[in-house]
Amino acid sequence: MRLALVGVILTIISNLDIHSFETDIFRSDNHELDSAFITETQYDKEPLKILHAEPLYIDLIRDLGARAGEKEWNIGLGLTDNNNYDSYTALIEYEFAPIDRLGFEFELPFTFYYPNDSNASSPHSRLNSLKLATQYTFLVSDKYQTSMAFGYIHEFEFVPFMDYNKTRVHEGNLYNPFFVAAKRWGNSFHTLIYIGPMIHQNFSDNKINSVWQVNTNLHYMIPGTRNFIGVELNKEFMTDDFDMVIRPQMRVEVNKQLMIGIVTGIPVNRENQRFSSFLRIIFEPH
């Protein structure tokens, strides 16, 4: 009986040792794979570029520390559930870096509205704007694994489709200077802050309204890949109001050129907007 018990104990200890040994090997392989991936991204080409996780909903104009020749196509599809209507969004954007650390972006965002019932009213569908943007990374620190950039977005806003023959198509401008700072903590954790005013000018009444946008982000990147999970906190500060939407998200790499991002939107204060979802398809040509 005792010999049998000793045999069982030895068997358990042996299995535990083997499991521990296999786990150590797995962790070691993950660490080596992650280190190799970071080295390939940051150091194998010039100039230095820190690997950061880019948010999926309010994305950047181009990667922080972008290298000359980089380019990317994005297609976005979204659905927002509002109190009286549903809104469907679609966008197509192209971003590129003509020189090191300088990025440009062109985007066409559309919104289509559908009332929830026959008695509800909704805004009219439209091409929201022609969006032009630029971003320059002025700091890339290898020591602190940190990047910082300034940027500017200009949107030429358009009237709804049904009003194209009634009035001027260009109804206003949106001016949006912004600042971005990102840091990688260790190999896998990433933080980023995006802050700036959105200044809206409407030609019909010539009024100017402004909103401060503050977006904070936390992501965990799967070792050795560009896949990540994280959360984006989109906050807007107005004179007498505050809105925030929590956006859990994940990004999956299909291959070297194609990634898919999935985002869910949860408003903190449900004044008009309820839950939303957003899908981003990211294609990077060779």
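The values are calculated or read from the model by the stated rules, or taken from the named source; none is laboratory data. Note that the coordinates shown come from a computational prediction; the quantities given were computed from them, not determined experimentally. All Cβ positions, even for glycine, are placed from backbone atoms using ideal geometry, and neighbour counts span all protein chains on display.
Count, please, the residues in the stretch 227-251 that happen to be among the acidic types (Asp, Glu) and either within 13 Å of the chain's Cα centre (by Cα) or at pLDDT 95 or above (or both).
So in the stretch 227-251, the residues among the acidic types (Asp, Glu) come out as 232, 236, 240-241, 243.
Checking the rest, the ones that are also either within 13 Å of the chain's Cα centre (by Cα) or at pLDDT 95 or above (or both) come to 232.
Summing the residues that are among the acidic types (Asp, Glu) and either within 13 Å of the chain's Cα centre (by Cα) or at pLDDT 95 or above (or both) in the stretch 227-251 gives 1.
Of everything in the stretch 34-59 that is part of a loop (DSSP other than H, G, I, E, B) and surrounded by fewer than 17 Cβ atoms within 10 Å (Cβ to Cβ), the residue that is nearest to the chain's Cα centre (by Cα) is Ile58. Counting the residues of the stretch 89-143 that are in contact (Cβ under 8 Å) with a residue 12 or more places away in the chain, out of contact with any helix residue (DSSP H, G or I) (no Cβ under 8 Å at 6 or more places or on another chain) and not in a loop (DSSP other than H, G, I, E, B) gives 37.
Give me a count of the residues in the stretch 231-251 that are surrounded by 15 or more Cβ atoms within 10 Å (Cβ to Cβ), over 17 Å from Arg274 (Cα atoms) and among the aliphatic types (A, V, I, L, M). Total meeting the criteria: 2.
This table checks each residue for (1) aliphatic (A, V, I, L, M); (2) touching a strand residue (DSSP E or B) at 6+ places or on another chain (Cβ under 7 Å).
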{"site": "Glu72", "(1), (2)": "no, yes"}
{"site": "Leu79", "(1), (2)": "yes, yes"}
{"site": "Tyr85", "(1), (2)": "no, yes"}
{"site": "Glu93", "(1), (2)": "no, yes"}
{"site": "Asp117", "(1), (2)": "no, no"}
{"site": "Leu132", "(1), (2)": "yes, yes"}
{"site": "Val140", "(1), (2)": "yes, yes"}
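Scanning the stretch 219-244 for residues being closer than 16 Å to Ile195 by Cβ and part of a strand (DSSP E or B) gives a total of 9.
Across the stretch 252-275, the number of residues qualifying as under 16 Å from Gly76 (Cβ atoms) and either under 15 Å from the mean Cα position of the chain (by Cα) or among the basic types (Lys, Arg) (or both) comes to 8. Among the residues here, Gly261 does not qualify as closer than 12 Å to Thr80 by Cβ, small (Gly, Ala, Ser) and either in contact (Cβ under 8 Å) with a residue 40 or more places away in the chain or outside any strand (DSSP E or B) (or both). If you go through the stretch 101-128 and keep only what is among the charged types (D, E, K, R) and crowded, with 18+ Cβ neighbours inside 10 Å, you end up with Arg101, Glu105, Glu107, Arg126.
Please tell me if Gly224 is farther than 25 Å from Ile153 by Cα, in contact with a Leu (Cβ under 6 Å, 6 or more places away or on another chain), outside the structural domain of Thr39 (by TED's automatic domain parsing) and in contact (Cβ under 8 Å) with a residue 40 or more places away in the chain. Yes: the conditions hold for Gly224. Of the residues making up the stretch 129-167, those that are of a type outside the set (A, V, I, L, M, F, W, C) and surrounded by fewer than 19 Cβ atoms within 10 Å (Cβ to Cβ) number 15.
Rundown of residues vs (1) farther than 18 Å from Ile99 by Cα; (2) among the β-branched types (Val, Ile, Thr); (3) modelled with pLDDT of 85 or more, yes/no style:
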residue: Asp34; (1), (2), (3): yes, no, no
residue: Thr39; (1), (2), (3): yes, yes, no
residue: Lys49; (1), (2), (3): no, no, yes
residue: Ile58; (1), (2), (3): yes, yes, yes
residue: Ala66; (1), (2), (3): no, no, yes
residue: Gly69; (1), (2), (3): no, no, yes
